[in-house]
Structures are given as structure tokens and as C-alpha cells.
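J.: The structure's right below; bear with me while I get my questions together.
The values are calculated or read from the model by the stated rules, or taken from the named source; none is laboratory data. This is a predicted model, so every value here is computed, not measured. With ideal geometry, Cβ positions are generated from the backbone for all residues, glycine too; neighbour counts draw on all protein chains shown. Side chains are part of the model used for accessible areas, which takes the heavy atoms of the whole protein and leaves out ligands, DNA and RNA. Shrake-Rupley method; radii C 1.70, N 1.55, O 1.52, S 1.80 Å.
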Amino acid sequence: GYQEPKKLYPEKIDLPAFRTLKAIKEDVEAFVNQGRFLYLHSANCGNGKTANVCKIALTYLALIANGNGFELDNGVYFAYMPELVLLTTDFQNEGRKEILEALMKRKLVIMDDIGSCDSGKFANTNLASIIDSRYRNKLATIFTSNLNANGLENQYGARLADRLLSDMVIELKGNSRRESTNEYHRITDNQ
């Protein structure tokens with residue numbers, strides 16, 4: 001659903017954060033090459049965290065594909081954390097090793113919804129290893145979460161929280177932008 005860029009209309013309170021995210025997107029190649037970390041969080045759901053980081057990832061992919069630098073390790077790995085926990089703790093999963101390797105080597109990794117599930121001690125150990133490796137090797141990593149700094153530290157401990165919050169921390173404060181209805185209507189190409 002995020003392969004096509006979504007138009008995002010921030011609330012006034014989020015304008016400075018959206019400007020910073022736009023600046024990262026416009027300078028994404030340097031952001032990635034410098035191995036930057038971004039922690040994008042909000043207590044609210046649906047206000048553009050995932051959509052914004054997907055725009056950054058799509059811009060980066062377009063740049064490296066255009067410059068013929070599209071090698072697998074140069075690419076992006078998008079990990080939805082509840083799914084990642086399931087995949088990396090299932091020892092029967094034949095793709096487990098490849099997933100962990102991608103998380104350790106890709107130039108840009110996005111960990112979406114970190115802290116949204118109880119990942120258990122083993123998964124936290126995997127997560128700590130991945131994040132520590134990415135930090136040491138200066139590999140760009142973007143995290144989205146509904147946890148603030150205190151919540152992050154409570155769930156993962158001070159050491160891991162310190163790594164996650166080591167570079168850029170941006171908070172979105174606006175409300176959900178998702179809309180629901182109690183009426184059915186067919187979705188057309190214009191919507």
C-alpha cells in the first residue's frame with residue numbers, strides 16, 4: 001500500500017516535523033551514506049509516521065536505481081516489527097537467516113512500529129544485535145514507534161534505547177489522518 005507515494009497533509013502542529021522529514025528525503029543519499037539513525041514517534045496512530053518513512057525509502061530506491069547502484073546490500077529492507085518478531089523467532093522458517101542477514105547488511109533498514117508487540121527476551125536479543133551492528137557499521141536505520149523515550153527505555157532497556165535515540169528524534173503530535181465510514185461505496189480510480 002505504500003509503493004505509491006501518499007499525499008500527506010500535516011496538522012499545523014506537525015509542520016516543523018514534516019519539514020525536517022522532507023529535508024531528509026531530499027538529502028536521502030547523504031543520510032544513508034552517513035549511516036544516520038532516525039527515530040520517528042508519536043503517541044497517536046495514523047498521523048503519517050509510516051507514510052513519511054516510506055517516501056524516504058522510495059526516494060532512495062529511485063536514486064540508486066537511476067544511478068545503477070542497485071545491488072541488494074545497497075537496497076532497503078522494510079521490517080514491520082510484529083511480523084519480524086514472528087519470522088526471526090520461528091526456527092522452522094527457512095528464510096530466517098536471510099532476513100537477519102539483510103537486517104545487518106542493507107544500507108537502509110526501516111523498522112516500523114518498534115515496541116508495538118511484546119517481543120520476548122530472544123527477540124530483544126536479536127533486535128539488540130541488529131541495532132548494535134548497524135550502529136557500529138554506520139548503516140542508516142529508521143524506526144517508527146508509538147513509544148516516547150521513556151516508553152522505549154521501559155520496554156527495551158537503557159542501552160538499546162540509547163542507540164535508537166542516538167541521532168535524530170522527531171515527534172509527530174497530530175491526530176490520526178485515517179478516515180472511516182459506516183457506508184459502503186465502491187472505490188474508484190479517482191479516490
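J.: Please work out the Kirkwood hydrodynamic radius for segment 75-126, using every pair of different C-alpha atoms, and report it in angstroms with one decimal place. Don't skip to the answer; put the middle values down first.
T.: Details: mean 1/r = 0.0886 Å⁻¹.
Value: 11.3 Å, from the Cα pair sum.
J.: Okay, moving on. For segment 32-111, which chymotrypsin sites (Phe, Trp or Tyr not before Pro) are both in a DSSP coil and crowded by at most 10 other Cβ atoms within 10 Å?
T.: F91
J.: Still on this structure, please answer the following. Using the membrane-span-like helix rule (whole DSSP H runs, Cα extent along the own axis of at least 20 Å, mean Kyte-Doolittle hydropathy at least -1.0), which helices of the chain qualify?
T.: Working: long enough: 49-66 (26 Å, 0.93); 120-136 (24 Å, -0.48).
Sorted by number, the helices that extend far enough and score high enough are 49-66, 120-136.
J.: Order L108, L15 by their accessible area, 1.4 angstrom probe, all chains in place, largest first.
T.: L15, L108
J.: Could I ask something else about it? Taking the full set of protein chains and a 1.4 angstrom probe, give the accessible area of D113 in square angstrom, rounded to the nearest 10.
T.: Around 40 Å² of this residue is reachable by solvent.
J.: Related question: If I compute solvent accessible area with a 1.4 Å probe over the protein chains, what percent of it on the chain is carbon and sulfur?
T.: 47
J.: Next up: Apply 1/(1 + (r/R0)^6) to the Cβ-Cβ distance of E29 and R177, taking R0 = 30 Å, and write down the FRET efficiency to the nearest 0.05.
T.: Numbers: r = 28 Å, r/R0 = 0.94.
It comes to 0.60.
J.: Still on this structure: Per residue, what volume in Å³ does the convex hull of the Cα atoms of the chain enclose?
T.: Once divided by residue count, the hull of the chain is 153 Å³.
J.: Which order do K105, K55 take when ranked by solvent-accessible area (1.4 Å probe, heavy atoms of all protein chains), largest first?
T.: K105, K55
J.: Quick one: accessible surface of C54, probe radius 1.4 Å, all protein chains present, in square angstrom to the nearest 10.
T.: 20
J.: Grab the Cα-Cα distance for Q92 and N44, subtract it from 0.36 nm times how many residues apart they are, and report the gain in nm with one decimal. Write down the numbers at each step before the final one.
T.: Numbers: separation 48, 0.36 × 48 = 17.28 nm, distance 3.54 nm.
Gain on extension, Q92 to N44, equals 13.7 nm.
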